[in-house]
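Heads up, the thing below is written out as structure tokens.
The values are calculated or read from the model by the stated rules, or taken from the named source; none is laboratory data. Note that the coordinates shown come from a computational prediction; the quantities given were computed from them, not determined experimentally. For neighbour counting, all protein chains shown are included, and Cβ atoms are generated from backbone atoms with ideal geometry for every residue, glycine included. Note: accessible area is taken over every heavy atom of the protein model, side chains too, but ligands, DNA and RNA are not part of it. Shrake-Rupley method; radii C 1.70, N 1.55, O 1.52, S 1.80 Å.
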Amino acid sequence: MRRVAALALAVLAVIWVRALNATVDSGSAGTALALGFTLLGAWLTGDVLRRFNLPRLCGYLLFGVLTGPYLGNVISASMAGQLQVITGIATTVIALIAGLSLNFERLGQRFASITRLTATTLAIAMGALLPLAWVGWPLLAAMPDVTGLQRLAMAALIALMVVSCSPTMTAAVTAEAGARGRLSELVLAMVILADLALLVLFSLVLQLARAAFNTGLSDVNVVARFAWEVGGAVAFGALVGALFALYVRYVGREVTLALIVMCGLLSQVGTTQQFEPLLAAVTAGLVIENLSVAQGEALKAAVQRGAPPILVIFFVAVGASLQVGTLATVGLLALAVAVVRIVVIRLGLAVGLRGSGVDAVTGAYVWTGLISQAGITLGLASIVAVEFPGWGTQAQTLIVALIALHEIVGPVVFRYGLARAGDLDSTAARPLLVVSNREPYLHTWNGRGGITARPATGGVAVALDALMRERGGTWIAHGAGDADRAVVDAHDTVLVPPDSPTYKLRRLWIDEPTFSAYYSGFANEGLWPLCHVVDVRPQFRAEDWLAYQAVNLRFAVAINRELASSKTPIFLQDYHLALVAPALRQRRPDAHTALFWHIPWPYPDRLRICPWRRELLAGLLANDLLAFQVERDRRNFLLAVDEELGADIENEASRVRFNGRSSTVVSVPIGVDFDRIQAIAADPALVEEQQRLARRFCLMGDVIGLGVDRLDYTKGIPERLDAIDALLTRRPELRGRFTFVQIGVPSRSAIASYNAIEEEIGRRVAALNARHTVPGGAPVIRYDTAPLDLRSLVALYRLAQICVVSSLHDGMNLVAKEFVAARDDEDGVLVLSELAGAAHELSDALIINPYNVEGFAGALAAAIDMNRDERRARMRAMRRVVAGRNVFGWASDILEGLESIWTAPLRYSVRGSEDAPV
Ligand code: GDG
């Protein structure tokens with residue numbers, strides 16, 4: 001039904017667009033054939049250029065430039081009409097992409113400083129170009145004697161066109177180079193903001209020009225038309241954006257088709273109703289991306305799938321219109337303008353960058369991203385040519401020549417800038433070395449003599465695996481599968497993922513007694529309870545400590561062997577590996593290491609329980625970068641460092657100097673793979689899985705609660721059961737209506753405290769079911785200890801009205817964020833413990849204290865009674881947070897943090913000062 005509705009909507013919209021644009025004749029077979037050949041030829045040229053590390057778009061342009069002189073004879077009237085529509089749609093797609101690329105929330109506080117930098121750069125560049133255009137006006141030949149307001153308006157329009165940039169090219173170069181980092185992020189935001197401002201200014205000056213040239217406008221009309229053109233465009237764009245976001249959310253079918261129809265609407269309605277169509281499209285993109293990141297992501301995927309053919313045709317058309325011949329006539333002038341342009345932009349940047357907070361390396365290369373000009377500039381030039389056929393056509397020739405020049409030079413220079421600023425090194429170009437206790441894939445015998453590769457479950461392992469698939473490199477971990485040895489080569493490595501190998505898994509074999517003392521003993525009976533404020537006594541045994549040191553040393557030796565270049569970033573995971581860095585440094589003093597501590601860090605009084613705390617602190621400080629989940633952990637760590645080691649702490653720079661070296665200590669909250677969970681959630685076939693699970697868990701009542709945990713005493717499961725008990729006692733009418741699904745996957749079962757909690761939970765579930773289950777009804781608590789795959793987990797998240805996370809203490813808690821990511825229906829209530837790190841970010845959950853049973857039960861009742869509007873508002877706010885900080889952002893923040901430590905001192909070492917600020 002939804003599919004039919006989507007198609008009907010698309011067809012209606014197409015009919016409307018065609019009605020609006022009645023001048024276009026129906027296409028002929030020849031048009032289709034010519035377009036097909038153009039696509040093929042352009043695609044091939046793009047591919048050839050790609051091999052030389054140049055963006056494909058350059059190839060399309062080049063193809064257009066080369067075939068342009070011959071196309072004129074081939075293009076028929078009907079083809080020209082089709083091309084015009086395609087070009088209109090394509091420029092709108094480009095503007096929409098620009099809008100979709102700017103997420104205010106993701107930029108956070110940087111947004112204000114980027115806006116300031118852009119405004120300063122533009123103001124200075126325009127301030128310099130305007131008088132130059134005025135003075136240089138006679139060079140343009142047409143109407144050299146014009147003075148006064150007319151000359152001012154013309155000069156301003158030209159200056160605006162000259163200074164404009166190309167969001168598409170910027171985005172294309174960034175995407176194709178696989179760049180990620182400060183420069184690409186900064187440039188993209190700047191280019192979009194600059195073009196937004198220019199579009200508004202252009203519209204204003206255009207009205208002035210119309211008045212000055214007396215094209216039938218009074219002064220009042222100037223203001224009214226400007227308000228209509230800009231205000232109307234913004235309002236129309238916002239409306240279309242909001243409608244489309246709703247469409248993607250509630251219909252979600254044929255998104256690519258609907259996208260193209262939407263761009264058709266924006267471009268055609270904009271033109272016929274005198275809106276500024278490009279501004280409308282940028283606004284639509286901004287609204288979609290900033291109202292709902294998930295819809296923005298879905299749209300970006302649709303653009304990737306559906307828009308390339310349109311963009312190819314567009315860029316070929318641009319190439320064809322560039323007419324290299326014009327370069328011969330205005331070539332010298334264009335060259336001079338290009339030089340002046342870049343000089344004034346650099347001047348503006350030099351002023352704007354002062355005090356902007358942008359680091360010096362990034363700042364030095366921002367100009368490289370501001371060279372390209374394309375779609376939007378071309379659009380402006382053709383408006384001027386149409387409105388003012390005399391001088392406008394001449395100005396268009398100059399601008400087109402300028403674009404031709406910049407299209408050739410821009411992408412190459414920007415790529416160079418990205419490389420110099422380290423945006424290329426920090427991603428795919430440089431492999432990564434991940435080190436963790438647990439491996440991402442386990443090989444096990446399947447009972448029929450065959451071997452099965454099983455991926456690790458859990459958000460972090462899956463996300464790091466995705467990162468490794470993208471970057472390549474090596475992952476070192478303890479080999480725990482019973483068939484692990486059978487699949488490795490002579491160097492104990494195996495290529496993974498098994499279906500499409502992209503990186504190396506290096507396994508480490510640790511004998512059982514040592515492993516048990518290191519893992520169960522020191523890590524999980526000592527450090528785990530030490531770091532969590534719970535009622536379990538940490539056990540510190542000397543033999544466990546010895547095993548912990550020995551295993552950490554083994555990891556360090558393995559890293560040293562695998563590390564081809566000292567520049568390869570090493571990303572160590574968690575509390576099992578606190579002593580790896582110092583052991584590695586003895587072998588590789590210049591290794592680059594970052595460690596993420598996934599669990600809380602205890603306050604100094606509790607840390608003092610550990611006899612080897614100083615060794616641990618010193619070990620962690622041997623990393624270049626040390627990251628914690630939340631600020632409180634970072635603070636506790638710094639307090640301990642101060643108290644125990646007397647190390648030198650620069651609080652502002654987040655740096656600790658100890659033992660002749662310095663480490664940066666930061667907090668970077670971990671996220672989930674939002675897009676992946678969202679994609680699973682959006683799959684219509686998931687409904688069948690939900691139905692299957694509903695049958696399996698006998699979910700007959702109308703209120704379903706859910707808890708998903710590793711069976712761990714820190715997760716507050718008994719407290720959760722107490723609260724449910726209190727709820728059903730207080731509200732007996734809920735019996736028979738309320739079912740709670742508790743997934744509890746056993747872990748660390750060799751440890752007594754874990755055994756005890758497993759038994760306790762089993763006992764309490766039985767008692768609670770006995771007390772509250774109605775005769776003949778299904779049990780209140782559906783308790784299952786079998787692990788589920790991610791798909792089933794997402795299905796459960798969507799089945800539940802309430803998800804409960806009641807940790808007594810938790811570094812973050814990914815279940816809370818996964819639940820939110822799965823709820824693109826913006827429904828469901830999260831009941832979240834204030835003692836979990838996630839509560840620092842998800843303040844729109846119902847926050848509880850698991851030790852307060854009555855309060856907890858009250859929150860469950862509130863969750864059950866909450867009305868749809870409040871549920872939606874809370875979930876929407878939480879989704880914004882979870883989407884804005886996904887697990888890839890987490891990893892790249894840490895890895896980029898590591899990179900910047902290593903690029904900064906290099907620069908300062910030239911000055912020979914260790915203490916220079918970074
Ligand atoms: C530490 C910190 C921090 C659970 N059951 C199944 C399953 N899971 C997955 C969940 C989630 C993960 O396990 C558990 O997340 P937690 O955040 O509770 O993780 P911990 O193991 O306690 O880990 C914690 C985390 O590190 C990350 O930094 O958040 O605070 O203690 O991803 O989905 N996954 C599948 N089937 C199950 O049955 N596939």
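Using a simple spin-label model with pseudo-atoms 7 Å out from Cα toward Cβ, TYR603 and GLU733 lie 4.4 nm apart.
What the Cα convex hull of the range 702-851 gives, in volume per residue, is 113 Å³. Legend: translational diffusion of the range 338-488 by Stokes-Einstein, Rh = Kirkwood radius over C-alpha pairs, 37 °C, 0.692 mPa s; D = 161 µm²/s.
3J(HN,Hα) couplings calculated from phi for the range 398-404 with the Karplus curve 6.51 cos²θ - 1.76 cosθ + 1.60 (θ = phi - 60°) are, in sequence order, 5, 5, 5, 5, 4, 4, 4 Hz; Gly and Pro show x. Separation of the range 484-544 and the range 877-898, taken as the distance between their Cα centroids, equals 27 angstrom.
Placing unit charges on the Cβ atoms only, positive for Lys and Arg and negative for Asp and Glu, gives the range 335-480 a dipole magnitude near 340 debye about its Cα centre.
Per-residue surface analysis assigns ASP648 an accessible area of about 100 Å², computed on protein heavy atoms at 1.4 Å probe radius.
Backbone geometry of the range 415-423 corresponds, through the Karplus equation with coefficients 6.51, -1.76 and 1.60 at θ = phi - 60°, to 3J(HN,Hα) couplings of 4, 4, x, 4, 5, 5, 7, x, 6 Hz, x marking Gly and Pro. For the range 610-628 versus the range 385-420, the inter-centroid distance based on Cα atoms is 55 Å.
So, R0 is 25 Å and r is the distance between the beta-carbons of ASP893 and ASP869; what FRET efficiency does that work out to, to 0.05? Computed FRET efficiency for ASP893 and ASP869 comes out at 0.10. Annotation: average projected area of the range 352-396 is 4.5 square nanometres, based on the convex hull of Cα atoms across all directions. Backbone phi angles across the range 189-194, fed through the Karplus curve with coefficients 6.51, -1.76 and 1.60 (θ = phi - 60°), yield HN-Hα couplings of 4, 5, 5, 5, 4, 4 Hz in residue order; Gly and Pro are listed as x.
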